[in-house]
1. For Tyr210, enumerate residues with amide H under 5 Å from its amide H, sequence gap 5+ or separate chain, H modeled in the peptide plane.
2. In degrees from 0 to 90, rounded to the nearest 10, what is the angle of the helix 281-291 Cα long axis to the longest principal axis of the chain?
3. Spelling out what I want: for every residue of the range 50-60, take phi, set θ = phi - 60°, compute 6.51 cos²θ - 1.76 cosθ + 1.60 (Karplus), and round to whole Hz; glycine and proline get x.
4. Can you put Leu101, Leu227 in order of Cβ neighbours within 10 angstrom, beginning with the fewest?
5. Compute the long axis of helix 315-340 from its Cα atoms, compare it with the longest principal axis of the Cα atoms of the chain, and write down the angle in degrees, 0 to 90, nearest 10.
6. Do the alpha carbons of any pairs in Lys68/Lys231; Lys48/Lys231; Lys231/Lys313; Lys48/Lys240; Lys48/Lys174 sit beyond 28 Å of each other, and which pairs?
7. Convert 4 °C to kelvin, take the viscosity as 1.567 mPa s, use the Kirkwood radius over C-alpha pairs of the range 229-307 as Rh, and evaluate the Stokes-Einstein diffusion coefficient in µm²/s, rounded to a whole number.
8. How large is ³J(HN,Hα) for each residue in the range 19-31, as worked out from phi by the Karplus curve 6.51 cos²θ - 1.76 cosθ + 1.60 (θ = phi - 60°), to whole Hz, x for Gly and Pro?
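Computed from the coordinates by the stated procedures, all read-outs in this text should not be read as laboratory data. Bear in mind the structure is a predicted one, so any value in this text is a computation, not a measurement. Using ideal geometry, Cβ is built from the backbone for each residue, glycine included, and neighbour counts are taken over all protein chains shown.
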Amino acid sequence: MGSVSVVIPCYRYGEYLRACVDSVLDNPGLDIRVLIIDDASPDDSAEKAHAIAAGDPRVEVRVHQENKRHIATYNEGLLEWADTDYVALLSADDMLTPGALNRAVALLDANPNVGFAYGHPVHFRHPGPPPPADQGTGGTIVYPGHWWLERRFREGTGCITSPEVVVRTELQRKVGGYDPELPHAADIEMWMRLASHADVGYVQADQAYYRLHEKNMHADAGAIDDLRERKTAYESVLTKCGDLLPDRDRLDAMVHQRLARFALRRAFRAYDRGRTALVPEDELVAFAADVWPDYKSLPEYRALAIRRRIGAKAMPYLQPLVLSAVVAKGRERLWWRSWSRRGI
């Protein structure tokens, strides 16, 4: 069975380190190395990391004297330190489920064409204990890399949280590190770059625990900033890996329309929820116009136009009537198409 290097970046997450490291080492029979990189935490995180390493020779610690931020810390561990068959990146506040590495490594060992493997992430609210993990029945799926990549472009969003991924180290070095220009979307861009070069494996089990708490790094990313960074991430993949993708132009159009629809949907939902004073409607519409010039033909724009006519004050009260009319109209269209296909 292959060996695994696990990189654990840590900034002020010392209280979670012990549970994180223990979850990594809970994979009997697997050759595991762990590197905790403390990014100049102002608390006692470094001391806690050293205490863990003192009790297990498989655990190493590096401590930055100056804060290098998360992307540089990730790349230090992945590209400079990891030297085993496979590598995983696990935030200090997250955990793996029992046997997660064994399951992922078994899939990767059996499928040399697979560049990375992931499974289902279980989200749980801190400080409560995580729920029991479903370790599955050993089932796995291998997706063609370009097919999986197209799904990401079609949906315009990711399907991976992050801690549930194990990557083939050779491929990680080939595609390079995380992009510092994408502080909040570097992970989805990375998975897509990997899928451009290799197939993707899925373990049919709970593979990691993602802890939800007030310190989560992505908690402060606003709606418009999230869309802008996703746009940059998808464009980055096409720039870096476009020569591997024969249908590059189609993927480009697909994701830009999808992102425009996301922006318009967020704008019109603000009317439904009485949140127009908090949601940057003008910025969202401007974003949609920028990524998809024909944005006014999209159903989400028509939905927004209806809500604008009704008005922000009345819309939350009239929402059930508007939705009922839209559903009825949709059913009428489906009935007409079905009837028309009969040739009558």
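1. Amide H neighbours of Tyr210: Val122, His123, Phe124.
2. Roughly 80 degrees, rounded to the nearest 10.
3. Computed from phi, the couplings for the range 50-60 are 5, 5, 5, 5, 5, x, 8, x, 7, 10, 10 Hz.
4. Values: Leu101 25, Leu227 22.
Least to most surrounded, the residues fall as Leu227, Leu101.
5. 80 degrees
6. Beyond 28 Å between Cα atoms: Lys48/Lys231; Lys231/Lys313; Lys48/Lys240; Lys48/Lys174.
7. For these conditions, the coefficient is 97 µm²/s.
8. Karplus-based 3J(HN,Hα) across the range 19-31 equals 5, 5, 5, 4, 5, 5, 6, 7, 9, x, x, 9, 7 Hz.
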